[in-house]
Amino acid sequence: MSNPKQQEYLHELGDDQNIIDRTLEWFRLFASVPHGSWNEKALSDLLKKKFEDLGWATEQDQWSNLKVDVPGVPGLDHLPPVIIQGHLDMVCAVAQGSGYVPERDPITVVVENGILRSDGRSSLGADCGLGLSIAFSVVEKTLQRGPVRLLLTVAEESGLEGAQLVDPAWLKGCKWMINVDAGSTKSVIVSCAGAWRERFTKPIETVSASAAHAYEVVLNGLKGGHSGGSIHLGRGNANKLLNHFLCTLREKTDYELTGLYGGYVGNAIPIEARATVVVNDKNILFETAEFFQTRLNEYYKNIDPDVKIELRETPCPEQVWSREMRDSTLDLIALLHNGVAAMHDTIPGQVSTSANLGVCRANEQGDYEVKLSVRSHEPFQVEVLEARHSSAARLTGYQASFNSSYPGCSGSLDNPLALLIDRVCQRQGGDPMTVKALHVGLELGVLGSKNPDLTAVSVAPDALDAHTVTERAPIARFPVFARLLAGTLEELASAE
Ligand SMILES: [Zn+2]
């Protein structure tokens with residue numbers, strides 16, 4: 001606190017307006033060229049040129065990932081570089097009927113009433129362009145800091161793909177990494193989830209239908225949500241609930257089934273599922289559905305109050321699933337885990353492992369297919385879940401396959417970089433920061449796995465409604481984030 005050199009940045013960064021102006025200049029560069037996932041080359045080239053004009057050494061790989069080395073001040077230039085990392089791509093949300101073409105059109109940046117936003121036709125790209133713009137406006141100033149390495153990746157939003165392609169040599173020798181994509185000026189993220197995909201398949205076997213009345217059973221009205229960010233809310237999963245209904249019905253009467261279908265992608269909680277059942281006694285079907293609806297109303301009254309099960313009469317199908325196909329599938333879906341599987345061991349109240357039974361469908365090969373998306377900070381918990389699910393597959397005659405998408409990082413509350421950032425925040429007059437885990441994928445997991453010596457956290461400027469056309473950020477918070485980054489870089493240099 002008393003060391004005047006550590007406070008140098010307060011003068012060097014300039015006043016609030018100065019920081020805001022510089023940030024907006026950088027941000028307008030991002031906005032000037034389309035940069036959806038796997039369309040970042042123009043932006044990467046543009047930034048590379050800008051950085052080279054500033055005298056910074058750059059290296060770009062074949063995918064347009066960009067490494068930029070910003071020298072430290074004399075006397076501190078020998079220190080290992082601190083990595084500041086973010087992604088170049090953005091999620092291009094478009095307002096319906098706006099005529100906006102994200103592959104072609106620049107983003108119109110609007111600053112109004114203290115808010116940075118787009119013109120409402122497209123998303124803004126503050127995720128993650130704003131964090132990077134503020135970082136650039138900090139590192140271009142002469143601070144009492146060592147070297148900084150900017151590590152700018154492509155295709156984060158399409159599944160952390162660019163980060164996975166980064167040459168591990170780009171991280172070699174580095175000790176600290178600050179990702180500017182997640183968290184806020186009030187929270188630091190120390191742990192993120194890895195992702196795995198599970199797939200279960202079986203050739204569909206059919207026989208002639210013999211029962212009298214056919215009904216389509218539709219389960220819908222659920223809220224759904226992101227399979228990582230919303231899994232702790234306990235919302236209903238349409239595939240699981242409809243399967244539960246079909247299992248309940250099986251206990252009461254014999255019926256024929258043409259399959260259970262629901263969900264489109266693994267990382268969304270499915271909101272609707274359908275099945276066609278053929279029964280002789282339609283009264284039992286109606287009674288069971290009525291009873292099931294009361295149970296749904298009771299259990300989901302606060303979580304998913306609009307959930308409903310409907311029966312719609314439909315022409316009798318000629319073919320239905322064989323008895324074995326019906327039973328093995330209902331049993332498989334019943335046995336597969338859905339929802340929270342385990343809580344975090346070091347971060348209280350945080351989900352560690354979860355599964356989302358995202359998709360039930362017939363695939364192009366004529367097989368029935370069940371897809372599960374698993375997230376976890378802990379690979380061991382995933383191994384345990386996979387072992388259980390392979391038993392379920394074996395018992396039901398399904399073929400199982402398990403794939404890893406990207407790694408997470410387990411993290412802990414005493415992450416030294418998070419503690420340092422919190423100290424800097426408080427010294428600058430801020431409240432103590434919350435140290436958190438996120439149950440979604442972040443590049444700190446992927447890049448951290450390429451250098452085990454790296455201590456990494458994520459902290460970001462305050463912004464709202466990412467991935468939507470109302471994405472926005474309060475400009476008065478830019479200087480808060482800029483000073484937090486500047487103070488952190490100086491503190492890391494003085495601690496060496
Ligand atoms: Zn992002």
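Structure notes:
- Neighbourhood charge, 11 Å Cβ-Cβ cut-off, centred on LEU454 and excluding it, Lys, Arg +1 and Asp, Glu -1: +2
- Our coupling estimate for the range 491-496, obtained by passing each phi through the Karplus curve with A = 6.51, B = -1.76, C = 1.60 and θ = phi - 60°, is 5, 4, 5, 6, 7, 6 Hz, Gly and Pro reported as x.
- Net +/- balance of residues flanking SER352 in space, Cβ distance below 14 Å, scoring K and R +1, D and E -1: -1
- Sparse-neighbour loop sites [GluC sites (Glu not before Pro); the range 278-379; at most 13 other C-beta within 10 Å; DSSP]: GLU318, GLU364
- Rounded to the nearest 500, the 222 nm mean residue ellipticity of the chain from helices alone is -10000 deg cm²/dmol, with -39,500 (n - 2.57) taken per DSSP H run of at least 4 residues.
- Extension gain, THR206 to ASN297, is 29.3 nm, computed as 0.36 nm per intervening residue step minus the present C-alpha separation.
- A straight chain from VAL340 to ASP16 at 0.36 nm per residue would run longer than the Cα-Cα distance by 112.3 nm.
- For ASN220, the shell of other residues with beta-carbons less than 12 Å away shows a net charge of -1, using +1 for Lys and Arg and -1 for Asp and Glu.
- Neighbour-limited loop hits for chymotrypsin sites (Phe, Trp or Tyr not before Pro), the range 233-293 (at most 12 other Cβ within 10 Å; DSSP other than H, G, I, E, B): TYR264
- Dipole magnitude of the chain about its Cα centre (Cβ charges: Lys, Arg +1; Asp, Glu -1), debye to nearest 20: 380 debye
- Placing pseudo-labels 7 Å out from each Cα toward the beta carbon at ARG104 and TYR264 gives an inter-label distance of 2.4 nm.
- GLU112-ARG388 FRET efficiency (beta carbon distance; Förster radius 41 Å; 0.05 resolution): 0.15
- Spin-label proximity, SER412 to the range 189-216 - amide N less than 13 Å from point 7 Å beyond Cα toward beta carbon: none
- Between GLN319 and HIS232, the C-beta separation translates, for a Förster distance of 35 Å, into a calculated FRET efficiency of about 0.25.
- Long-range amide H partners of ALA268 with built H, under 5 Å: SER227
- Theoretical FRET efficiency, 1/(1+(r/R0)^6), r = Cβ-Cβ of GLU59 and ALA362, R0 51 Å, to 0.05: 0.60
- Residue among TYR406, LEU454, ALA393 farthest towards the positive dipole end of the range 365-496, charges placed on Cβ: ALA393
- Spatial offset of the range 124-152 relative to the range 202-216 amounts to 60 Å, using the alpha carbon center of each.
- Think of each Lys and Arg Cβ as +1 and each Asp and Glu Cβ as -1; about the Cα centre, that makes the dipole of the range 368-496 roughly 300 debye.
Every number here is computed from the coordinates shown, using simple stated rules; none is lab data. Please read these numbers as outputs of a predicted model, since none were measured by experiment. Counting neighbours? That spans all protein chains shown, and the Cβs are built from the backbone with ideal geometry, glycine included.
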